[in-house]
1. Excluding same-chain residues fewer than 8 positions from residue 297, which lysines have a Cα within less than 25 Å of its Cα?
2. For residue 188, which aspartates and glutamates qualify as cross-link partners when the Cα separation must be under 19 Å and same-chain residues fewer than eight apart are set aside?
3. Can you pull the percent of the range 1-124's accessible area that's carbon plus sulfur, 1.4 Å probe, other chains left in place?
4. Counting only GluC sites (Glu not before Pro) that are in a DSSP loop and have at most 13 other C-beta atoms within 10 Å, tell me the longest site-free stretch of the chain.
5. Search the structure for amide H atoms under 5 Å from the amide H of residue 12, placed 1.01 Å from N in the peptide plane, and list their residues when 5 or more places away or on another chain.
6. Using Cα atoms only, what is the angle between the long axis of helix 224-235 and the major principal axis of the chain, expressed in degrees (0 to 90) to the nearest 10?
7. For the range 297-304, in order, what is each residue's ³J(HN,Hα) by Karplus, 6.51 cos²θ - 1.76 cosθ + 1.60 with θ = phi - 60°, in whole Hz (x at glycine and Pro)?
8. Amide H to amide H under 5 Å from residue 249: which residues, 5+ apart in sequence or cross-chain, H placed 1.01 Å off N in plane?
Amino acid sequence: MSHQLTIEPLGAVIDVEDGQTILDAALRQGLYIPHACGHGLCGTCKVQVCGGEVDHGAANPFALMDFERDEGKTLACCATLQDDVTIEADIEEEPDARAIPVRDFAATVARIVALTPTIKALHLALDPSVAPIDFQAGQYVQLEIPGLGQSRAFSIANAPADVQRSGEIELNVRIVAGGAGTTCLHEKLKVGDRLRLSGPYGRFFVRQSAHLPMVFMAGGSGLSSPRAMVLDLLGQGCTEPITLIYGQRTRAELYYHGEFVALAAQHPNFTYVPVLSNEAEGNDWSGARGFVHDAAKAHFGGQFAGHKAYLCGPPPMVEACIATLMQGRLFEDGIHTEKFISAADANAQRSPLFRRV
């Protein structure tokens, strides 16, 4: 059984299966509705129900309050249709966005590489019987965790051209203390295991039509998306200035360092600025010390106007970078972020100066 969903202001009409969420149905038709956590925690996917009835599902009462339910609002990531429904969503036109339908994939673990003491690279060979995943550099997949009955979001760390050529996607997974999903992937997963995933998801991609210098700011395993974006840009022969500022705590945690050093030597328009926040004094580290926003401010002299900035990493890092960029005269339309939101993150206060993306 299915119902029809009309999405305004697009005017799109799609079929939604019984039990399928509004968000999943839209994404599988290549129609983007703003969202973040995907689990009813953050409220980013809030839409107005203009006609018909929905079941709000597992929406968190703080993300969708009682008075909002009374006003006809719902969360697209949790809501299912009870009959034919019309919604209105806050959808902005993005000239560089591609409408790529979400698909399901089967994959085999081809390699597992320890990048740092806490981060592993999972190289997953996609089933060759179906076309390789189509995506924009910066997007992510939802990976089903074996035996857990849940999925987790991981950015694709290699460029689209590499995926098309090799048939493999690379996911960088940092183990999280007490995290059932990352613990399973780090301690139980082995070469040859079969996995299922879906994608692509996300609105984190390069706005190339702007033709502006770009600064990528990343921390921890948040390097995955910027790495794919930088490799994609350089592979396409991009000539605009590209700067990557990447922060970790210590030299042992700084992965793909050699790759970026080599790329900077090969491409005059690419600059790489690694920065460490907790490296012991007196060793041979001659690079920047401190945090990503500190290194960015020092490198650009505190002035960021005329750039496009792409931020990916832990929420505190992203918030600090946003503040620094705004102090340097780069504002909301020039800043693009990617944050994976947990239950704890969803309850944390965000900067009132910056809209959810």
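The values are calculated or read from the model by the stated rules, or taken from the named source; none is laboratory data. Predicted model only: the values in this text are computed from it and were never measured. Note: ideal-geometry Cβ built from the backbone for every residue, glycine included; neighbour counts use all protein chains shown. To get the accessible areas, we keep the full protein, side chains included, count just its heavy atoms, and leave off ligands, DNA and RNA. Shrake-Rupley method; radii C 1.70, N 1.55, O 1.52, S 1.80 Å.
1. 308, 339
2. 144, 170
3. That fraction is 47 percent.
4. By the stated rule (loop sites, at most 13 other Cβ atoms within 10 Å), 94-280.
5. Amide H neighbours of residue 12, under 5 Å, 5+ apart: 7.
6. In the chain, helix 224-235 runs at an angle near 70 degrees to the longest axis.
7. With the stated coefficients, the range 297-304 comes to 4, 5, 5, 9, x, x, 10, 10 Hz.
8. Long-range HN contacts for residue 249: 277.
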